[in-house]
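Structure first, commentary second.
The values are calculated or read from the model by the stated rules, or taken from the named source; none is laboratory data. Here the structure is a predicted model, which is why all the values come from computation and not from measurement. Don't worry about glycine lacking a Cβ; one is built from the backbone with ideal geometry, like all the others, and counts go over all protein chains shown. In case anyone asks, the SASA skips ligands and DNA or RNA and just uses the protein heavy atoms, side chains included. Shrake-Rupley method; radii C 1.70, N 1.55, O 1.52, S 1.80 Å.
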Amino acid sequence: MQSIPHSNEADMAGMTHASEGHHGLGTSIIVPQNPQGEEDSRPGRHCSGFEEAQDPQIAAPPLSLPMASSGSQLESRHDASEADACLGFPLPVRPMPSRRRPGLLCPEGESDRGGRNGHPHWQALGVEDQREEFLPRFQGPSEKEGSSPCHLLTVRIISMRNVRQADILSQTDCFVTLWLPTASQKKLRTRTISNCLHPEWDESFTFQIQTQVKNVLELSICDEDTLTQNDHLLTVLYDLSKLCLRNKTHVKFPLNPEGREELEVEFLLEENFSSSETLITNGVLVSRQVSCLEVHAESRRPRKRKKNKDLLVMVTDSFENTQCVQSCLEPCYPNPACFHYPKYSQPQLYAEAPKSRWNSKLCCCGTHRSGPVCQPLDCLSDGQTTTLPVGENYDLHMKSSPCSDTLDVRLGFSLCQEEEEFVQKRKVVVAKALSQVLQLEEGLHEDEVPTIAIMATGGGTRSMVSLYGHLLGLQKLNLLDSSIYLTGLSGATWTMATLYSDPEWSSKNLEPVVFEARRHVVKDKMPALYPDQLCKWREELQQHSREGYKTTFTDFWGKLVEYSLGDKKNECKLSDQRAALCQGQNPLPIYLTINVKDDVSNQDFREWFEFSPYEVGMQKYGAFIPSELFGSEFFMGRLMKRIPEPEMCYMLGLWSSIFSLNLLDAWNLSHTSEEFFYRWTREKLHDIEDDPLLPEIPRCDANPLETTVVIPATWLSNTFREILTHRPLVSEFHNFLYGLQLHTDYLQNGQFSMWKDTVLDTFPNQLTQFTKHLNLLDTAFFVNSSYAPLLRPERKVDLIIHLNYCAGSQTKPLKKTCEYCTEQNIPFPSYSIQEDDQSLKECYVMEDPQEPDAPIVAYFPLISDTFQKYKAPGVERSPEELELGQLNIYGAKSPYATKELTYTEDAFDKLVKLSEYNILNNKDKLIQAVRLAMEKKRMRSQCPS
């Protein structure tokens, strides 16, 4: 976590942005981790003028400023330079733009100088506004808006008893840090009490908290070391929803009952009648009010020789954090620097004048006129300009204005309007096709048309080639026109992206498309690695980086995939695929990946992340953005900086990002268990909610989490786990959830609970909304299927045609999906395949007659069974043709191994014909599955409940 400047004044104001949320978590004690997990905590990302604190968990030295609050103190750095000590924190610098950047939020009533009209604004408040016709017009039926008051929370750290010994030769030099990320990213701390078994602090800290968000206060117990990094002994996670208004709550946390170690804390929650803000929520995420601070610097003295230097300005808890503000000679500047911050977080502005060679040192007392200055922003009136002197030669002019309440992130669990309109158009095509397939005398009514989806798995080139064959077979049976959705991951997305570059692909004969794909699969890929080609890609990757993306090896992989699929660049971007959907002429493509954490196994944390031509997002949070805004920068649900939509090659690399694997994921894939590493590298959990030493506290919420103690792993274990979980090549994209906060009842929300499947879901401070970047990974590293988008209840899928291409066990993805759905209470048929992998049939139809919401599954493993004897359904092979039916799909020397990008012509033709044959040979089972789906659809329409 990056350190933030601190003063006595900042103690009162900076800690006042916590949330009054009265629901949710209990108390836990957990080993401290990087709370933000973002780029600013990494080396090399801060301005050289402000040195980075040694301990990223602890805030920097105090800044002596007027106004004092009770007793908070920030940790000093022993090696800080005298100049840095006055500010005492690292600052990432963003140069001030020469003009307002496109996409920056404008205060209400101001014109959009930077392309505000270039992207959609969804109707979060139900107010109609004008939007560009070619962009999605999102509305939020699940969003709710209303005013909610803030509360003041006072936390009094009283004492500890029987502190565990962290040093060999002396007692612990103990201090306590406090972190409440829903209030402020600042981490405050008590003073250090040295060599004391029973330290007493009696220090108080004040937060301003919002009632409707989930507030979890982290109290970390630390041992201060002079020569080495401070020791983190443990952390208490305390859910503030347990507190009752106007009542002091006195708690003695039993940290180690055997050693009678305890932490004594007192809490007081009071009304703050002057702070009430408008919130927008979907029941899981909450968007709070945001203000825009315009800042420009005026120089009182014109410089004779060199141009005026920049001022360094920081606004705590703002999206921009720090900017260099260029000074000018006029009091008005047409293009001021803008800072966007939560209005009721009570942020501080810190400004420092340029240093001169005659006065290079800053005074820690803050009395020097050229030293850094601090200005609380909660005292600014909207629309009024305030002037702040900075040093002897500069004036800083500031004006705060409210940002629009219209969000650029759609908060809602329903389908977007564009998808709903597409489904209506597509059902007309499906009804006509099914009438022909089933030879119906009468046409189907709209409520009788089943929702059929084609679900493809991953497997590199093998899945790409096989999907061509399967789609060719479905087209010949007229079942391709009967499907509404087509989902895929990994190599299957290569086929999908190629097909959807043609808006009419499914209505054309696919055989020429397959022949073209064959030409590229069999061609030599070595020219892609020739110096001239690599130099060309280097320039393109550099341009990609200049646009605002974090370039990784996955982007190079995407370039290589694009080269393997065609002769030229695929100019079609994801949003351009809407042209293939405008009349409902093709199934809606959905590409699936998972969001993971860089330092956590995907068994511990992963979140489904879906892409469609209309929007991308995470169903767990009910948060989506239009596909053309993927990669852009957001804050609190509002677009901050629009970045050009990624080219298709980078999306192909992302969807098949095989290089994002860490060692622990690899171990899990090969051994199906991480128990060994869990045992030796994880913290120990102890539930103390029912501990007799923990006093009975009146609960103002019915659903807090249990109180838990987590004993940190050893230094050796943590180092070992960092090696195992680090993802050096993971794809990183700007997080559009950044700044949003979790609703106080998010755990009780049915939609969140449906996808709540990892241990971190009950630790809100560790979830995605607090990270600046998404880490996206090939879904196959968790489960090799793309079922998740089709299991959203809003899509109401009746039949899923499962096309399996995975290596190894053919039934593992289906079996794992069945187990997952059982654990998550998602309607899905039970696993009923009795045969082992060596004796599988070509097709299985699975259903659950007792569960009307469970889809029917037609499962096609990629096997060669009757194809060895028959070249077409009912047509036997001649003795000369028997060799054409022999395929080594999964053997040790198989030409179809996942790592292979190039096939021979013979290998390509055999795999396409096998896939097509398996579909055509099971026509009767497919038609049976369609009839079952229609019957289920009819029953569901008759009994909507």
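Which ones in the stretch 632-653 are assigned to a loop (DSSP other than H, G, I, E, B) and crowded, with 24+ Cβ neighbours inside 10 Å?
Filtering the stretch 632-653 down to residues assigned to a loop (DSSP other than H, G, I, E, B) leaves 632, 636-637, 642-647.
Result: MET636, GLY637.
What are the pairs with Cβ atoms under 8 angstrom where one residue, in the stretch 467-492, is within 20 Å of VAL797 (Cα to Cα) and the other, located anywhere, is of a type in the set (Asp, Glu) and at pLDDT below 95? Sequence gap at least six, or different chains. Once the first residue is within 20 Å of VAL797 (Cα to Cα) and sits in the stretch 467-492, its partners that are of a type in the set (Asp, Glu) and at pLDDT below 95 give LEU489/ASP778.
The residue list LYS756, LYS772 contains one member that is touching a residue at least 12 places away in the same chain (Cβ under 8 Å), over 30 Å from GLY558 (Cβ atoms) and among the basic types (Lys, Arg), which is LYS756. Residues that are touching a Lys or Arg at 6+ places or on another chain (Cβ under 8 Å) and more than 30 Å from GLY146 (Cβ to Cβ), at least 1 per element: which strands (runs of 3 or more DSSP E) completely within the stretch 169-211 meet that? Correct list: 174-179, 200-210.
When the residues of the stretch 388-430 are filtered to those that are aliphatic (A, V, I, L, M) and under 27 Å from GLN769 (Cβ atoms), the one that is most open to solvent (accessible area, probe 1.4 Å) is LEU415. Screening the candidates THR762, THR817, THR779, THR768 for the property of being over 19 Å from LEU489 (Cα atoms), open to solvent by less than 20 Å² (accessible area, probe 1.4 Å) and under 23 Å from the mean Cα position of the chain (by Cα) yields one hit, THR768.
How many residues does the stretch 450-460 contain that are surrounded by fewer than 24 Cβ atoms within 10 Å (Cβ to Cβ) and farther than 17 Å from GLN810 by Cα?
Looking only at that region, the number is 1.
This table checks each residue for (1) at pLDDT below 90; (2) assigned to a strand (DSSP E or B).
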site: GLU264; (1), (2): no, yes
site: LEU268; (1), (2): no, yes
site: GLU271; (1), (2): yes, yes
site: SER276; (1), (2): yes, yes
site: VAL286; (1), (2): no, yes
site: LEU293; (1), (2): no, yes
site: PRO302; (1), (2): yes, no
site: LEU311; (1), (2): yes, yes
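Exactly one residue out of ARG578, ARG638, ARG606 is more than 20 Å from LEU285 (Cβ to Cβ) and of a type in the set (Lys, Arg), and it is ARG578. Of the candidates TYR468, TYR530, the single residue that is among the aromatic types (Phe, Trp, Tyr) and open to solvent by less than 40 Å² (accessible area, probe 1.4 Å) is TYR468. What pairs come up if the first residue lies in the stretch 803-820 and is assigned to a loop (DSSP other than H, G, I, E, B), the second is acidic (Asp, Glu) and open to solvent by less than 60 Å² (accessible area, probe 1.4 Å), and their beta carbons are under 7 Å apart, counting only those six or more places apart or on different chains? Qualifying pairs under 7 Å: SER809/ASP837; GLN810/ASP837; THR811/ASP837. A residue that is at pLDDT 50 or above, open to solvent by 10 Å² or more (accessible area, probe 1.4 Å) and of a type outside the set (D, E, K, R) can be found somewhere in the stretch 127-143. Taken over the stretch 561-575, the criterion of being without any contact (Cβ under 8 Å) to a residue 40 or more places away in the chain and either over 19 Å from ARG538 (Cα atoms) or crowded, with 18+ Cβ neighbours inside 10 Å (or both) is satisfied by TYR563 alone.
Cβ-Cβ contacts under 6 Å between residues 6 or more apart (or on different chains), taken from a first residue in the stretch 892-911 that is more than 18 Å from CYS806 (Cβ to Cβ) to a second residue that is open to solvent by less than 50 Å² (accessible area, probe 1.4 Å) and part of a loop (DSSP other than H, G, I, E, B), are listed as THR902/LYS525; LYS910/LEU887. Scanning the stretch 532-550 for residues that are farther than 23 Å from LYS899 by Cα and without any contact (Cβ under 8 Å) to a residue 12 or more places away in the chain yields ASP532, CYS535, LYS536, ARG538, GLU539, GLN542, GLN543, SER545, ARG546.
Are any residues in the stretch 256-302 of a type in the set (D, E, K, R), within 23 Å of SER400 (Cβ to Cβ) and open to solvent by 20 Å² or more (accessible area, probe 1.4 Å), and if so, which ones?
Of the residues in the stretch 256-302, the ones of a type in the set (D, E, K, R) are 258, 260-262, 264, 266, 270-271, 277, 288, 294, 298, 300-301.
Next, only the ones that are within 23 Å of SER400 (Cβ to Cβ) stay: 277, 288, 294, 298.
Hits for the stretch 256-302 are GLU294, GLU298.
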